[in-house]
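Quick notes on the structure that follows.
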């Protein structure tokens, strides 16, 4: 069985924990995931099974959407509710929140947080942090926020103020860091108490399955997983060329094309080399 499984990742499990669980469920070692979710985050996690793992690089480039809750006034080292408090600031006025959110929609430069999987010199930033070593500086990334909306009123919870938000952004967005940036725009600090991914590319939370009850019937075919990629149906001669990893002449200007057989099984993914000429990128025959 080759394809894609979408899981609603529960809290308290790492993305790798989910991979290990799926390996046992599907009796295969060839399982990978696209778009890591923090242990304290939940929601849409896209996994590849067997040959489906070769599609993850394509799916990982997709936009993501989250529902998250910010608690203002306290900053932690991990920027979420399980970290150590590193900074506190008064929360004097959050009335400008709606205007601040508008300012973040569009191009957005974000420096990844210290506790992240970004690699420097072959080591992830969070590994430097856990080892108590100086954390290397990382250049900010150019991202895009397509939508940022307030979902709840600002609530007074204990001694703190909380608000729930929805964000839809490009690949590489760290919600925990966005929460801090928003707070700093309001002259305070913050951390997240909840992060729930509701969309990863074409897959939404409605497509996600419970980790404990998922089965093979819920596997998405490799072709359907790439439904937004243009299709090409080669003749027998074309199939022979594909099987040998040879180039194809196709009347198209799409950057990537999926080659399918008559039953819509994925044969290969081809990449535009020059107008009308495509070279193989992944062959599955």
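Derivation of every value follows stated rules applied to the coordinates shown; laboratory data play no part. Treat the numbers as computed from the prediction; the structure is a model and nothing was measured. Cβ: placed from backbone, ideal geometry, glycine included. Neighbour counts: every protein chain shown.
Assorted remarks:
- Added length on full extension, which subtracts the Cα-Cα distance from 0.36 nm per residue, residue 24 to residue 216: 67.9 nm
- Across segment 154-235, the relative contact order, built from alpha-carbon pairs under 8 Å that are at least six residues apart, equals 12 percent.
- DSSP beta bridge pairing in the chain, given as percent antiparallel to the nearest 5: 90 percent
- Seen from all directions on average, segment 64-200 presents a Cα convex hull projection of 8.2 nm².
- Using C-alpha pairs below 8 Å separated by at least 6 residues, the relative contact order for the chain is 22 percent.
- Percent RCO, i.e. relative contact order, over segment 64-200, from Cα pairs under 8 Å lying at least 6 residues apart: 44 percent
- Dividing the convex hull volume of the alpha-carbon atoms in segment 151-211 by its residue count gives 123 Å³ per residue.
- Rounded to 5, the percent of DSSP beta bridges in segment 64-200 classed as antiparallel: 95 percent
- √(5λ) per eigenvalue of the Cα gyration tensor, segment 1-148, largest first, Å: 31, 20, 16
- The helix-based estimate of mean residue ellipticity at 222 nm for the chain, built from -39,500 (n - 2.57) per DSSP H run of four or more residues and divided by its residue count, is -5000 deg cm²/dmol to the nearest 500.
- In the chain, one over the average inverse separation of all distinct C-alpha pairs is 20.9 Å, which is the Kirkwood hydrodynamic radius.
- Sorting the segments 199-210, 72-83, 39-50, 251-262 by their residues' average number of neighbouring beta-carbon atoms within 10 angstrom, most packed first, yields 39-50, 72-83, 199-210, 251-262.
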